[in-house]
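Structure record follows, encoded as structure tokens.
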Amino acid sequence: MEEQEVLEGAVSSIIFQNEENGYTILRMDLHGEEITVVGTMPGVAPGEYLSVRGSWTRHPTYGPQVRAETVERRLPQGLKEIFHYLSSGAVKGVGKATARRIMEEFGEEALSILEDDPEQLTRIKGITLKRARQIGETFRRQMGMRRLMEFLTEHQLPLELAAPLHRSYGDLALEVVRDNPYLLVGGEFEVEFSQADALALELGVGAEDALRLEAGLIFELTHNSLNNGHIFLPRRKLVEATGVLLDVPGSLVEERLESLLTRGDVEQEHIAGQDAVYLPALYEAETFVAQRIGEMSTRELLPPEHFEELMDQIQRRQHLTYAPQQRQAVRLAAGRQVMLLTGGPGTGKTTCLRGVLALFEHMGLETSLAAPTGRAAKRLGELCGTEASTIHRLLETGFDPHTGRLVFTKNSYDPLKARAVIVDETSMVDLPLMAALLDALEDDCRLVLVGDPDQLPSVGPGNLFADLIRSGVVPTVCLTEIFRQAAQSAIVRNAHMINHGQLPDLRRNEGDFFFLSRREGQSALDTIVDLCRRRLPERMGIPPDQIQVLSPTRRRSTGTRALNQALQQALNPPLEGKEERRFGDWVYREGDRVMQVRNNYDVLWREEHGTDSGMGMFNGDIGIIRSIEREVITVDFEGKIVEYSPDMLGELEPAFAVTVHKAQGSEYRAVILAALDGAPMLMTRGVLYTAVTRAKELFILVGDEQVAAQMVANNRQTRRYSGLRARLAGE
């Protein structure tokens, strides 16, 4: 761990400050010597006296600087410090001349006058009552931010909370947090429940206080939705889990649950054999999806005249002959408003999609193609020979001034113009996203949902695609025939074997599927590095940037953390003149492969060669760091250029190696999977199947054959509580 020290001095100048999150770069006068300090310091202004605890780092271009972990602020003291502070422009409406007059009039009492009695400023020539009040308001706002920061520091909460709290609650932020510390949990603030709970108890909230009990119930519902994929929790489980979390009797939890139900803060309904308790938003999403999909499933539409002749024309144009199941799928798309198309690798889903698209074009239907991730959308567009977008981009995003959150602008009030929508990789689509898509469709819009239900479920809540299939209500075609050309691929054959619980013959290294036995972590790491750096580029002509290393886990000997460190050192080592920047435990370097790990709808991108630009980067997008200049990291996401300021680096992760979950919806020329150790919940058949099906030309499994056998045998599928199937089936 880096050694930390405490440094004290006055702020001499602000180099950079992000008002959204408080990230600041400043110069501080340390006993006559100026040093650079970087960190979260919202509202800090020249002239303030700071006590900074942090560690020294060396920026490759700008030299030594202190990375601040905690910051204590002291108001300027004495005539010289106060004048420096006021004349710096820190207080809006006060320049050097006004600062001098304020000091002449009030001396060392100047700051208390600004905060407590700003009307007295009218004693100074040229300051009207209106201007005096504006100056006082600005200064009080700064004092509010200061006290908020002091509160966060005192209670060992991250200073990064100050800016979003002030943005949400203004000058009342500190008062709001004192009244209800549980507002910090999750959402925009992302504070752990245990931390907010400890703060609440420190502030005098009783262990059995209604505020604490209700916050615990909401947390359990939210946590299980976001982290475990549940749409609801059975009432009994919810009460038990909350009682354990808070260490209180279940009877008290029951009382508060009834109170939440009465107020409409949660919903309860008997569904799927359970007394199900929902968060209101998920209850609305589930009931809406069930109602809309149910209606669409019953609606039959007129197919075009002479359908069979049209199919023959499409086949001739595409130079192929459809198998009976594929022809059935296109026929179903012609006559039903909604349909599901499923099947494993090599069963011809893409051929079907092209046929459906050609049919819709013949019918004059404006058709939108979409997928959950950027890479999946790009692949879909390439396969179908037309433009495709992410679902998020299709629905567009805007700012809701009432909630302060980004929302989809396409909805029932401003629907999509498309008369047909085709969605690929639907197994990755969660329930809220499907609800948003359905809300944006015109009443007569057709919908084709395509996917492989045996892949991993969505990261977000619900088990949407599987629930739609299992309901038996939505018209469905399941492709089962593996075509001859695909059957020649060991990747396809072995994927189907794994999906049926059979371990392929791993020692039969041939074609496009290989197994390299390595039973020690370091040996597996060394082999994977050698494959990426030398063997695959030299022997098979596959460059490193077309190889994706996967792991079921982040940690342990062959998790993505260890793999990324080893691969960066091998594929993109430090060189003189190659800029780099440390963030957390990782040193980002020009040439690194990185991944955007959360949806950010308001980040700006521009085309590398052209004038086009747009908003939004999405979880799973992979790019290359092209440059690091000053504090900005520029990333090229396959032609879309995004600039990341220091405060945005939490949205990036190294991507020489990524988890199998993060690779969903993507396809790579070559895939290497590390299969050595991991938690049982991660070492499953679904994870192995998903990893294998990410490979287009070559799949290499590096690890222990016994571990691979255990993964095939482990068909553990964590149950997700959802009422969608039951609602659709009318149970």
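The values are calculated or read from the model by the stated rules, or taken from the named source; none is laboratory data. Everything numeric here is computed off the predicted structure, so don't read it as measured data. For neighbour counting, all protein chains shown are included, and Cβ atoms are generated from backbone atoms with ideal geometry for every residue, glycine included. Remember, those area values only see protein heavy atoms, side chains included, never the ligands or the DNA or RNA. Shrake-Rupley method; radii C 1.70, N 1.55, O 1.52, S 1.80 Å.
Think of each Lys and Arg Cβ as +1 and each Asp and Glu Cβ as -1; about the Cα centre, that makes the dipole of segment 219-348 roughly 640 debye. For segment 309-431, the carbon plus sulfur part of the accessible surface works out to 47%, probe radius 1.4 Å. For the chain, the solvent-accessible area works out to 46 Å² per residue, with a probe of 1.4 Å and every protein chain left in place.
Remark: relative contact order (segment 589-706) = 22 percent; criterion is Cα-Cα distance under 8 angstrom and separation of 6 or more residues.
Under 14 Å of direct C-alpha separation, and excluding same-chain neighbours fewer than eight residues apart, LYS80 reaches these aspartates and glutamates: GLU48, GLU104, GLU108, GLU109.
Which parts of segment 444-469 would a label at GLU731 reach, counting a residue when its backbone N lies under 17 Å from a point 7 Å out along Cα-to-Cβ? Zone members listed by number: 462-469. Of the residues PHE83, PHE360, PHE307, the one with the largest accessible area comes first in the ranking PHE83, PHE307, PHE360, computed with a 1.4 Å probe on protein heavy atoms. Within the set of other residues whose C-beta is less than 10 Å from the C-beta of LEU201, count the net charge using Lys and Arg as +1 and Asp and Glu as -1. Value of the local net charge: -2. Among residues other than CYS445 with Cβ under 13 Å from its Cβ, the summed charge is +1 (Lys and Arg +1, Asp and Glu -1). Our summary gives the chain a relative contact order of 10 percent, counting only alpha carbon pairs under 8 angstrom and 6 or more residues apart. The peptide list 444-452, 468-476, put in order of mean Cβ contacts within 10 Å with the highest first, becomes 444-452, 468-476.
For the residue pairs LYS410/LYS640; LYS92/LYS125; LYS640/LYS696; LYS349/LYS378; LYS378/LYS696; LYS378/LYS640, the alpha carbons lie more than 20 Å apart in LYS410/LYS640; LYS640/LYS696.
Counting only DSSP beta bridges with both residues in segment 617-731, the antiparallel share comes to about 60 percent. The slack between ASN227 and MET681, meaning 0.36 nm per residue of separation minus the straight C-alpha distance, is 162.1 nm. In a simple Cβ point-charge model (Lys, Arg +1; Asp, Glu -1; nothing else charged), the chain has a dipole of about 1940 debye relative to its Cα centre.
Each Cα pair under 8 Å and six or more residues apart adds its separation to the average, and for segment 415-526 the resulting relative contact order is 21 percent.
Partners of LYS237 within straight-line reach, counting aspartates and glutamates whose Cα lies under 17 Å from its Cα and excluding those fewer than 8 residues away in the same chain: GLU214, GLU220, ASP247, GLU254, GLU255, GLU258, GLU267, GLU269, ASP275. Between THR386 and VAL587, the simple label model (points 7 Å from Cα in the Cβ direction) yields a spacing of 5.0 nm. Using Cα centres only, tell me the gap between segment 520-541 and segment 232-269 in whole Å. Computed from Cα coordinates, the inter-centre distance equals 52 Å.
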